[in-house]
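Student: Pasting a structure below so you can have a look.
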Amino acid sequence: MSTKTSEPGMLSRIAFIGIGNMGWPMAARLVGAGFEVVACDAVPDRAGRFAGEVGGEAAADAAAAVRGANAVITILPTSKHVAEAVTAMGDALASGTLLIEMSSGSPTATRGIAESLAGRGVAVIDAPVSGGVPKAKTGELAIMLGGEAAAVARAEPVLRAMGTSLTHVGGVGAGQAMKALNNLMGAAGFLIGIEALLIGQRFGLDPALMVDVLNASTGMNSSTQRKFKQFVLSRRFDAGFGLELMAKDCSVAMEVARDTATPAPFAALCREMWASAVALLGPGQDHTAMAQLSERLAGETLGGGNRVA
């Protein structure tokens, strides 16, 4: 039973659309905080499994999920999926509902959704996250917020159950722009780090020892700290964030660059490298498998010193 009150304006019943790698632990945090959560997912039975294992309710479709909810959270692969979900909600998405768009989507597309819903009395904010599955599980996500201040303030109690760093960065779409730029930097840091390890290994340096040195030096970044040893040198390639999603986020960052007429040649090359990895490695790969593109270009496997075809 929910521990939340039903004071006017308070968000208590939440339709959570997208129970994937990130959505599942995030929705679980809301259940644990006492919110009434109605889960919905495109994968058959996933929402039912969530309700059975974690709590809350399961809905067969988006319209059933949002009926009676005063907040809707969407966390889906792309803005196209979000737009399709909003269309599927139809008239069940009632006036006064707050839509919290937490996907790493397109700022332009999210602004379009917000404009289309404004006339129906539905406010929209974007609230993409950073921190991955580990921090989704602990409720320590960094959340970047775009939207009107009143709507952001209304969403804050919900978001506090999932994140510890909430930063309002601007109007609708600003959160997603910030997230795409953050991931662009992460993608670039990962790629240049892998190339440095390959150069070092060719020279005769131990890549694991290189990571230790980098983490005590100015070359340190999130990949040297949390990815290279854990998921690349171990050959696990299972950090929990998809290669295709990282490539998509780099494309969103380039969309923002084009919209603002900002020259970004290095960002463009980075985006092309990640897109090439998707084409080479195929669907369903973890983003840390990006290292295999650089390894194939170098003809060498990190950690083993073995040449690859």
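The values are calculated or read from the model by the stated rules, or taken from the named source; none is laboratory data. All values reported here derive from a predicted model rather than from experimental measurement. Ideal geometry is used to build each Cβ from the backbone, glycine not excepted, and the neighbour counts take in all protein chains shown. The area values use the complete protein model at the heavy-atom level, side chains included, leaving out ligands, DNA and RNA. Shrake-Rupley method; radii C 1.70, N 1.55, O 1.52, S 1.80 Å.
Student: Looking at the stretch 45-64, can you tell me whether even one residue there is crowded, with 17+ Cβ neighbours inside 10 Å, under 20 Å from the mean Cα position of the chain (by Cα) and either within 23 Å of E244 (Cα to Cα) or among the small types (G, A, S) (or both)?
Tutor: Within the stretch 45-64, one or more residues are crowded, with 17+ Cβ neighbours inside 10 Å, under 20 Å from the mean Cα position of the chain (by Cα) and either within 23 Å of E244 (Cα to Cα) or among the small types (G, A, S) (or both).
Student: Scan G189, G173 and give me the residue that is buried (at least 22 other Cβ atoms within 10 Å of the Cβ) and either out of contact with any Asp or Glu (no Cβ under 8 Å at 6 or more places or on another chain) or not hydrophobic (A, V, I, L, M, F, W, C) (or both).
Tutor: G173
Student: Restricting attention to the stretch 228-261, which residues are of a type in the set (G, A, S), open to solvent by 40 Å² or more (accessible area, probe 1.4 Å) and more than 15 Å from V211 (Cβ to Cβ)?
Tutor: Residues satisfying the conditions are S251, A261.
Student: Still on this structure, I have one more. Please identify the pairs in which a residue from the stretch 236-262 that is touching a residue at least 12 places away in the same chain (Cβ under 8 Å) and more than 20 Å from S276 (Cβ to Cβ) has its Cβ atom under 8 Å from the Cβ atom of a residue that is open to solvent by less than 30 Å² (accessible area, probe 1.4 Å) and among the charged types (D, E, K, R), counting only partners at least 6 apart or on another chain.
Tutor: The qualifying pairs are D238/D286; G240/D286.
Student: Can you name every residue in the stretch 192-227 that is among the small types (G, A, S), assigned to a helix (DSSP H, G or I) and either in contact (Cβ under 8 Å) with a residue 60 or more places away in the chain or open to solvent by 30 Å² or more (accessible area, probe 1.4 Å) (or both)?
Tutor: Selection gives A196, A208, S222.
Student: Let me ask another. Cβ contacts < 8 Å: first residue surrounded by fewer than 22 Cβ atoms within 10 Å (Cβ to Cβ), restricted to the stretch 82-99; second residue among the acidic types (D, E) and not in a strand (DSSP E or B), any location; separation 6+ or different chain. Result?
Tutor: Sorted first by the residue in the stretch 82-99, then by its partner, the pairs are A88/D61.
Student: If you take the residues of the stretch 119-152 that are aliphatic (A, V, I, L, M) and in a loop (DSSP other than H, G, I, E, B), which of them is surrounded by the most Cβ atoms within 10 Å (Cβ to Cβ)?
Tutor: A127
Student: Look at the stretch 118-133 and say how many of its residues are under 21 Å from P77 (Cα atoms) and at pLDDT 95 or above.
Tutor: Residues flagged as under 21 Å from P77 (Cα atoms) and at pLDDT 95 or above within the stretch 118-133 amount to 6.
Student: Would you call T74 open to solvent by 20 Å² or more (accessible area, probe 1.4 Å), closer than 28 Å to A177 by Cα and either touching a residue at least 40 places away in the same chain (Cβ under 8 Å) or over 19 Å from the mean Cα position of the chain (by Cα) (or both)?
Tutor: For T74, the condition - open to solvent by 20 Å² or more (accessible area, probe 1.4 Å), closer than 28 Å to A177 by Cα and either touching a residue at least 40 places away in the same chain (Cβ under 8 Å) or over 19 Å from the mean Cα position of the chain (by Cα) (or both) - is not met.
Student: Follow-up question, since we're still on this one. Restricting to the stretch 83-101, name every residue that is in a loop (DSSP other than H, G, I, E, B) and on the phi < 0 side of the Ramachandran plot.
Tutor: Residues satisfying the conditions are L93, A94, S95, T97.
Student: Do you know which residues across the stretch 238-295 are of a type in the set (K, R) and out of contact with any Ser or Thr (no Cβ under 9 Å at 6 or more places or on another chain)?
Tutor: R258
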